[in-house]
Amino acid sequence: MKYVVNLALAGLLALAAGCATSSPHAGPGAGRSETCQVCRYHNDLACVCVNVNESTPRTEYQGRTYYFCSEDCQTTFAKNPGKYLPRDETKP
């Protein structure tokens with residue numbers, strides 16, 4: 001049981017820390033990590049961090065660029081962006 005609690009705490013810590021390098025609002029580039037907002041919303045730690053390159057799925061919302069782990073997550077986000085963003089990011 002203690003192992004499960006420690007594993008859950010480690011997962012929450014990793015999620016709180018976010019992806020390593022830059023903001024999810026920066027322009028396209030190589031060699032950085034961004035956060036897939038759909039996976040973050042669903043606490044899917046396996047694919048929350050996305051390595052950005054030219055083929056990384058992305059979309060613009062309110063003047064910001066968001067990156068995704070897959071085209072499915074990109075499509076899901078596009079249907080209801082406000083659902084997947086922290087409240088402070090949904091303001092214009």
Within segment 67-84, of all residues that are in a loop (DSSP other than H, G, I, E, B) and surrounded by 13 or more Cβ atoms within 10 Å (Cβ to Cβ), the one farthest from the chain's Cα centre (by Cα) is Ser70
Note: among Ala30, Ala10, just one is at pLDDT below 95 and either touching a Phe, Trp or Tyr at 6+ places or on another chain (Cβ under 6 Å) or part of a helix (DSSP H, G or I) (or both), namely Ala10
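Just a yes or no: is a residue in segment 46-66 without any contact (Cβ under 8 Å) to a residue 12 or more places away in the chain, in a loop (DSSP other than H, G, I, E, B) and surrounded by 14 or more Cβ atoms within 10 Å (Cβ to Cβ)?
no
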Only one of (1) at pLDDT 85 or above; (2) surrounded by 10 or more Cβ atoms within 10 Å (Cβ to Cβ) does not apply to Cys19, and that is (1)
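The values are calculated or read from the model by the stated rules, or taken from the named source; none is laboratory data. What you see is a predicted model, and the numbers here were worked out from it, not measured in a lab. Here the Cβ is made from the backbone with ideal geometry for all residues, glycine too, and neighbour counts use every protein chain on show.
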